[in-house]
Each structure stands twice: as structure tokens, then as C-alpha cells.
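> Questions regarding the structure given below will be posed in turn.
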Amino acid sequence: QVLLVESGGGLAQAGGSLRLSCAASGSTSVIKHMGWYRQSPGKQRELVATINRSGTTNYADSVKGRFTISRDNAKDTLYLQMSSLKPEDTAVYFCEAYSYSRNTYWGQGTQVTVSS
């Protein structure tokens, strides 16, 4: 079992920055890759970015060049540095971990609100 706890959300102005963190605990050695997803009211949860153990990253087109995902394997912590924030980035952001045994784990989510 893997437990994920996000932190770092909050309120930012358009053009500003926020950094999200996701601390993983439990059987973290089973984690193959991790990612950030977000969900706005009335919309489906969507991919923001993913990163595997080797550091290979993948980003949604909407955040490329503005967001950076990183991972500290020694600390079992995932980060999302968000810059040049836009009001449309407002959402609940979820941390996700995918295991080698094809299980998916989710954090409880952290709210990010960007004001114009």
C-alpha cells in the first residue's frame, strides 16, 4: 500500500508561482512512475505531468514551458513547480503513483486557485 499526501496548494495571482509537493509513504519501492493530475468543477480529471524513476517526463500541452515536475527518489517526494500561472490552472491537483503491479494510488488533492 502507498499513501500519498499533497501540500503546497493555495491562492496565487495570474503570472505567479506555486510549488506543490507530494510525500509518498508505505511500500514506495513498488512505485513505477508518479504524476500530477487536476480536476476543475464540472470537468474530468486530466493529466498535468508524469515522471518515471529514470526522470523521463511528460507534460500536457497546456502546461509545457510553465510547469516542471521533479522527483526526489531518496525522499519519496514528488514536486510540481508551477510558474506563469493562469486562471484556467485553477483546479484541485492530485498526486498519483502507479506501481509495477499496475495499481494506482491517489492523494487527497490540494486546491490551487489563480486569480486574474
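The values are calculated or read from the model by the stated rules, or taken from the named source; none is laboratory data. Not measured: the values here are computed from a predicted model. Every residue, glycine among them, receives a Cβ derived from its backbone with ideal geometry; neighbour counts consider all protein chains shown. Accessible surface areas use protein heavy atoms only, side chains included; no ligands, DNA or RNA. Shrake-Rupley method; radii C 1.70, N 1.55, O 1.52, S 1.80 Å.
> Looking at LYS86, LYS75, LYS32, can you tell me which residue is closer than 21 Å to SER115 by Cα and either modelled with pLDDT of 95 or more or not β-branched (Val, Ile, Thr) (or both)?
Details: LYS75 fails: closer than 21 Å to SER115 by Cα; LYS32 fails: closer than 21 Å to SER115 by Cα.
LYS86 is the lone residue from the list that is closer than 21 Å to SER115 by Cα and either modelled with pLDDT of 95 or more or not β-branched (Val, Ile, Thr) (or both).
> When the residues of the range 41-67 are filtered to those that are hydroxyl-bearing (Ser, Thr, Tyr) and over 19 Å from GLY16 (Cα atoms), which remaining residue is nearest to the chain's Cα centre (by Cα)?
Just the residues of the range 41-67 that are hydroxyl-bearing (Ser, Thr, Tyr), to begin with: 50, 54, 56-57, 59, 62.
Adding the requirement that they be over 19 Å from GLY16 (Cα atoms) leaves 50, 54, 56-57, 59.
Details: THR50: 8, SER54: 17, THR56: 15, THR57: 12, TYR59: 11 Å.
Among residues in the range 41-67 that are hydroxyl-bearing (Ser, Thr, Tyr) and over 19 Å from GLY16 (Cα atoms), the one nearest to the chain's Cα centre (by Cα) is THR50.
> Among what's in the range 45-71 and is modelled with pLDDT of 95 or more and touching a His at 6+ places or on another chain (Cβ under 7 Å), pick the residue that is most open to solvent (accessible area, probe 1.4 Å).
Result: THR50.
> Determine, yes or no, whether TYR93 is closer than 13 Å to SER7 by Cβ and open to solvent by 10 Å² or more (accessible area, probe 1.4 Å).
Details: closer than 13 Å to SER7 by Cβ: yes; open to solvent by 10 Å² or more (accessible area, probe 1.4 Å): no.
Judged against the criteria, TYR93 is not a match.
> Mind counting the residues in the range 52-73 that are of a type in the set (Asp, Glu) and either part of a strand (DSSP E or B) or touching a residue at least 12 places away in the same chain (Cβ under 8 Å) (or both)?
Here is the first cut: in the range 52-73, the residues of a type in the set (Asp, Glu) are 61, 72.
Next cut, either part of a strand (DSSP E or B) or touching a residue at least 12 places away in the same chain (Cβ under 8 Å) (or both) only: 72.
So the answer is 1.
> Within the range 1-24, how many residues are over 15 Å from TYR93 (Cα atoms), open to solvent by 30 Å² or more (accessible area, probe 1.4 Å) and either basic (Lys, Arg) or modelled with pLDDT of 95 or more (or both)?
Number satisfying all stated conditions: 4.
> Pairs under 6 Å by beta carbon, first residue open to solvent by 70 Å² or more (accessible area, probe 1.4 Å) in the range 97-115, partner among the acidic types (Asp, Glu), six or more apart or different chains?
What qualifies is TRP106/GLU96.
> Please count how many residues of the range 74-90 are open to solvent by 20 Å² or more (accessible area, probe 1.4 Å), in contact (Cβ under 8 Å) with a residue 60 or more places away in the chain and farther than 23 Å from ARG53 by Cα.
Residues flagged as open to solvent by 20 Å² or more (accessible area, probe 1.4 Å), in contact (Cβ under 8 Å) with a residue 60 or more places away in the chain and farther than 23 Å from ARG53 by Cα within the range 74-90 amount to 4.
> Quick one: how many residues across the range 34-44 are crowded, with 18+ Cβ neighbours inside 10 Å and not basic (Lys, Arg)? If you could, list the steps in order and put the result at the bottom.
If we filter the range 34-44 for residues that are crowded, with 18+ Cβ neighbours inside 10 Å, which is where we start, we get 34-38.
If we keep only those that are not basic (Lys, Arg) too, we end up with 34-37.
The number of residues fulfilling the criteria is 4.
> Looking at ARG53, ARG38, ARG102, which is the one that is in contact with a Phe, Trp or Tyr (Cβ under 6 Å, 6 or more places away or on another chain) and not aromatic (Phe, Trp, Tyr)? Explain how you work it out, then say what you get.
Details: ARG53 fails: in contact with a Phe, Trp or Tyr (Cβ under 6 Å, 6 or more places away or on another chain); ARG102 fails: in contact with a Phe, Trp or Tyr (Cβ under 6 Å, 6 or more places away or on another chain).
Sole residue among the options that is in contact with a Phe, Trp or Tyr (Cβ under 6 Å, 6 or more places away or on another chain) and not aromatic (Phe, Trp, Tyr): ARG38.
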